[in-house]
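Nothing in this text is a laboratory measurement; each read-out follows from the coordinates by a stated rule. Because the structure is a prediction, the values reported are computed rather than measured. Cβ placement follows ideal geometry from the backbone for every residue including glycine, while neighbour counts extend to all protein chains displayed.
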Amino acid sequence: MFDGRVTEDFKLDSGTWVSVGTLRAQAIAAASPLIQDCVIAGHDKPFVSVLAWPNFAAAKEIAGDPSLSPADVLRSPKLREFVQAKFGEHNRTSGGSSGRVKRVMLMLEPPSIDANEITDKGYVNQRAALDRRRRLVDLLYAATPHEDVIEIA
């Protein structure tokens, strides 16, 4: 039986395994139509976080202002409330810590083919994206979350 890309799976600092493929699909579905794709962070960390690439047309619609710049739409209170509500719903039905998302960051920069963030088959390379975006991962796990980090209850 095929279990997805198990090499992407990791353990939280509690020793709990996180099934990245499953959670990635759930995260995209949870925040539909906002999240176009994402990577799951949390290796040896106390909780799971998501770095996500938004669908900007959907983001502008959720924010309620099509004139906003991409950076401004990602900081929109309505968009942040949408993410908090959708992932809050996801967390209530996700079971244990391996399925709950505590923090989300929406990214402006798309995945880079040149940096190997996209595989030959067009999939996001989880490890390459997390390595290349290490600074953003650090912001997700900072003691005091950065203003671009959306905390989920």
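Points worth noting:
- Rh (Kirkwood; distinct C-alpha pairs) - the stretch 78-128, Å: 13.2
- FRET efficiency, 1/(1 + (r/R0)^6) with R0 30 Å, evaluated for Ala29 and Asp72 via beta carbons: 0.70
- Among beta bridges that DSSP assigns inside the chain, antiparallel share in %, nearest 5: 70
- In order along the stretch 57-73, phi translates into HN-Hα couplings of 5, 5, 4, 5, 5, 5, 5, x, 8, x, 8, 5, 5, x, 5, 5, 5 Hz, rounded to whole numbers, per the Karplus curve 6.51 cos²θ - 1.76 cosθ + 1.60 with θ = phi - 60° and x for Gly and Pro.
- Net charge of Cβ neighbours under 15 Å - reference Ala58; Lys, Arg +1; Asp, Glu -1: 0
- Interchain or long-range residues, amide H under 5 Å from Val48's placed H: Lys102
- Our note on the geometry: Cα centres of the stretch 11-52 and the stretch 132-153, 14 Å apart.
- Inter-label distance, nm, simple model (7 Å from Cα along the C-beta direction), Ala143/Trp17: 3.4
- The stretch 1-87: translational diffusion in µm²/s, Stokes-Einstein, Kirkwood Rh over Cα pairs, 20 °C, 1.002 mPa s: 152
- In the chain, the DSSP-assigned H stretches of four residues or longer account for a calculated mean residue ellipticity at 222 nm of -10000 deg cm²/dmol, using -39500 (n - 2.57) per stretch and the full residue count as denominator.
- Virtual spin-label span in nm between Arg134 and Ala85, 7 Å along Cα→Cβ: 3.9
- The chain: relative contact order as a whole-number percent, Cα under 8 Å and 6+ apart: 22
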